[in-house]
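The values are calculated or read from the model by the stated rules, or taken from the named source; none is laboratory data. Since we're looking at a predicted model, the values are computed, not measured. Because the Cβ atoms are built from the backbone with ideal geometry, glycine has one as well, and the counts that use them run over all protein chains shown. Calculation scope for accessible area: heavy atoms of the full protein, side chains included, ligands and nucleic acids excluded. Shrake-Rupley method; radii C 1.70, N 1.55, O 1.52, S 1.80 Å.
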Amino acid sequence: MGLYTCWLQHTGLSARTCYRMTREAGGGEEGARNLYEMPERDLQRIARDRTLEVLRKARNQEPEQIDEKIREEGISFTSFADGNFPARLKDIPNPPYGIFCRGSLPKDAPSCAIIGTRAASPYGIEMARMFAKGLSENGVQVVSGMARGIDGIAGREALRERGGSFAVLGSGVDVCYPREHEDLYRELCSKGGVLSEYPPGSMPDRGHFPARNRIIAGLSDIVLVVEAQEKSGTLITVDAALEQGKEIFSVPGRICDRNSYACNHLIRQGAVPATCLEDVLEYFFGLRDHQMDFADLLGCVDIEDLPGTRQSVRTETMRRAAMPLQGEAPDLDPADFSPLMSLALSRLDPVEGQGAEQLLQRINREERNPVSLKDLNRALTYLAIAGYAGELREGIYVRSC
């Protein structure tokens with residue numbers, strides 16, 4: 001850890017200002033030390049107005065005390081001058097001056113940002129889980145912003161696998177935001193990593209989030225958008241990734257869903273359609289034969305029990321999953337439904353829409369074995385993907401056939 005680069009980062013000055021002043025003072029850790037120790041007249045020569053006042057005040061703090069305090073809090077600091085500074089961040093436009101971290105920094109391994117709306121639909125939840133799980137199973141690191149919705153779901157799912165999960169915050173790494181993700185935050189700190197360019201103690205600020213999004217994109221080889229509305233903050237990350245020359249993948253959605261507007265728009269603009277896990281894995285590994293069983297994903301019988309070769313069944317199942325998104329008639333046989341899918345479909349009305357909680361109450365009142373809301377939402381999502389159920393509006397389902 002660079003004592004003096006860490007001290008300079010604690011001033012709260014922008015990355016551009018820190019880089020410029022360090023360079024003018026000699027460069028690297030030595031330049032930061034010179035800023036701390038140089039006479040007032042020399043400081044006035046390279047710093048003006050607010051920057052000068054910030055540095056004057058900051059020089060009342062001893063770098064050793066700052067270092068000791070953050071170490072006691074389990075926080076590390078890595079500056080651009082350190083050998084372990086993430087290589088992916090060195091060449092992006094406006095790179096961070098340094099990174100604070102609880103846990104570990106991402107490794108030099110395949111990395112994918114999974115981002116999307118805070119108001120995720122059941123479909124978006126399932127897609128975020130599927131991609132995060134499958135990528136992490138295959139050794140791909142998942143990077144997100146730990147926000148509500150898609151980010152948090154993907155980050156949590158990736159923690160269960162070997163690839164690793166990392167979150168970039170718009171606050172200090174000692175500030176959990178949003179508060180309801182405290183369990184996810186603690187798990188990321190112990191099994192993955194929580195990163196920020198903002199000094200410990202920095203509270204979430206609206207202006208911090210667009211800046212942190214460039215780091216999410218910078219730490220990733222590609223960006224995968226799962227769900228996003230027309231005017232979504234997710235698109236700030238997409239813009240940053242495009243500026244950095246990164247590939248964008250987008251999960252297609254139904255044209256009537258607000259949460260799919262930005263995803264479908266990105267595909268029209270040239271993003272790669274992520275119709276299945278293997279679309280993304282192929283980017284990293286150039287392979288088409290991986291361990292995800294898509295028949296299981298759709299609630300079918302075990303894939304080994306289906307006729308034909310394993311690869312042909314996988315291909316057919318992926319085709320079925322994508323068909324409703326492409327406007328074609330579904331051909332998934334109801335005989336292959338899970339028991340809960342069949343039960344849910346039998347209770348749906350073709351005219352009067354029902355929410356999942358309303359349907360859950362009815363099923364649990366009529367059936368001997370209680371059903372969980374999570375499992376019911378999963379079944380309804382699969383029915384909607386297969387085309388047997390439709391949504392009158394978000395979360396309100398009817399039977400389609």
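Solvent-accessible area of His10, all protein chains in place: 50 Å² (probe radius 1.4 Å, heavy atoms, ligands and nucleic acids excluded).
Element breakdown for the chain at a 1.4 angstrom probe: carbon and sulfur atoms account for 47% of the accessible area. DSSP assigns beta bridges within region 44-175; of those with both partners inside it, close to 40 percent run antiparallel. Extent of region 124-177 along its three principal axes (Cα atoms, max minus min coordinate, largest first): 31, 22, 12 Å. Charge dipole of region 19-129 (Cα centre as origin; +1 on each Lys and Arg Cβ, -1 on each Asp and Glu Cβ, all else neutral): 460 debye, rounded to the nearest 20. Each semi-axis of the equivalent ellipsoid for region 72-119 is √(5λ) with λ an eigenvalue of the Cα gyration tensor; in descending order they amount to 21, 16, 12 Å. Rounded to the nearest 20, the Cβ-based charge dipole of the chain about its Cα centre (Lys and Arg +1, Asp and Glu -1) stands at 1000 debye. Candidates Gly172, Ala389, His10 compared by Cα position along the dipole of the chain: farthest toward the positive end lies His10, with charges placed on Cβ. Considering only alpha-carbon pairs that sit under 8 angstrom and 6 or more positions apart, the relative contact order computed for region 1-144 is 24 percent.
Quick one: Cα centre-to-centre distance for region 154-205 and region 8-64, in angstrom? With region 154-205 and region 8-64 each reduced to a Cα centre, they are spaced 29 Å.
Met21 contributes an accessible area of around 0 Å² to the protein surface, as traced by a 1.4 Å probe with all chains present. Each label was represented as a point 7 Å from its Cα along the Cα-to-Cβ direction; for Ser190 and Ala119 these points are 3.5 nm apart. Could you tell me which of the pairs Lys107/Lys191; Lys133/Lys374; Lys90/Lys246; Lys90/Lys133; Lys191/Lys374; Lys69/Lys191 are separated by over 21 angstrom between their Cα atoms in the structure shown? Over 21 Å apart, Cα to Cα: Lys90/Lys133; Lys191/Lys374; Lys69/Lys191. Taking every DSSP beta bridge that has both ends in the chain, the antiparallel portion is near 40%. Which value at 222 nm does the chain reach when only helices count, each DSSP H run of 4 or more adding -39,500 (n - 2.57), with the total divided by all residues and rounded to the nearest 500 deg cm²/dmol? The helix contribution divided over the chain gives -13000 deg cm²/dmol. At q = 0.17, 0.18, 0.20 Å⁻¹, what log₁₀ I(q)/I(0) does region 199-261 have when each alpha carbon counts as one equal point scatterer in the Debye sum? With no solvent term, the Cα-only Debye profile gives -0.64, -0.70, -0.81. For the chain, the extents of the C-alpha atoms along the principal axes are 81, 44, 34 Å, listed from largest to smallest.
Taken over region 16-116, the alpha-carbon convex hull comes to 146 cubic angstrom per residue. When you restrict to C-alpha pairs under 8 Å that are six or more residues apart and normalise by the size of region 123-176, the relative contact order lands at 37 percent.
What the chain shows is 45 Å² of accessible area per residue, with the surface traced by a 1.4 Å probe over protein heavy atoms.
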